[in-house]
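The values are calculated or read from the model by the stated rules, or taken from the named source; none is laboratory data. Just so we're clear, the structure is a prediction, and the values are computed from it rather than from any experiment. Reconstructed Cβ throughout: ideal geometry from the backbone, glycine too, with neighbour counts over all protein chains shown.
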Amino acid sequence: MAIAIYGFLSRRRKVEPAGISYEFSLVKDKLTLGLSTWPILKNAVKPIQIEEETEDSSFEWMDEETEKYKKYLSRLDPNDAKDQDHYKILGLTKLRCEATAAQIRTAYRQKVLKYHPDKGNAGDGLRSESVFACIQKAYEQLGVSEEKRRAFDSVDPTFDENIPDNSDVNSTNFFRVLGPVFERNSRFSVNQPVPLLGDENRNFKE
């Protein structure tokens, strides 16, 4: 009797989170079909507002794909993603923290078209899963979550953390010296947009 009853009971399935290999395979399949990878990307606490790709088709704001850059890509290891320069991987060292969400998305698309393991047109053996995984991780860090991008920018070794000494600031250069400092650090604020310092020609309300 117990066996008969048990046979009619629905078995409870144990569902476990998919691993990185499954996600990577799913991302590749979606990109091959020209579909968005957005639903797959995880850990986006506060997603960046998705913008269309930039209309600037000259791509002058992107880095040139020199032999030095290709050599850099060939040495990338997905296991070292936390220590990699994500702006450099996406070709955005000219802009870095000043890159817009649209520019990050466009740069990512350009790299995918060239370095996708299955349909990219890059030579020199750069159409590898390792290179593509690093490109994907760079986009996940910079183009998906505002919090994750701020976290990376906060440890960016190229960021100018210099704050002028009191002796360097006076009534004649106050706005000129401190204005750029306010602007540089405004990106780390959770509440956006951040009011900037302004200048001597603006009133308090402005």
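Within the range 186-206, if we keep just the residues that are of a type in the set (A, V, I, L, M) and surrounded by 10 or more Cβ atoms within 10 Å (Cβ to Cβ), the residue that is modelled with the highest pLDDT turns out to be L197. Tell me the residue from K137, K119, K148, K111 that is in contact (Cβ under 8 Å) with a residue 60 or more places away in the chain, surrounded by 18 or more Cβ atoms within 10 Å (Cβ to Cβ) and out of contact with any strand residue (DSSP E or B) (no Cβ under 6 Å at 6 or more places or on another chain), please. Result of the check over K137, K119, K148, K111: K148. One residue stands out in the range 151-173 among those that are charged (D, E, K, R) and in a helix (DSSP H, G or I): the one that is surrounded by the most Cβ atoms within 10 Å (Cβ to Cβ), namely D153.
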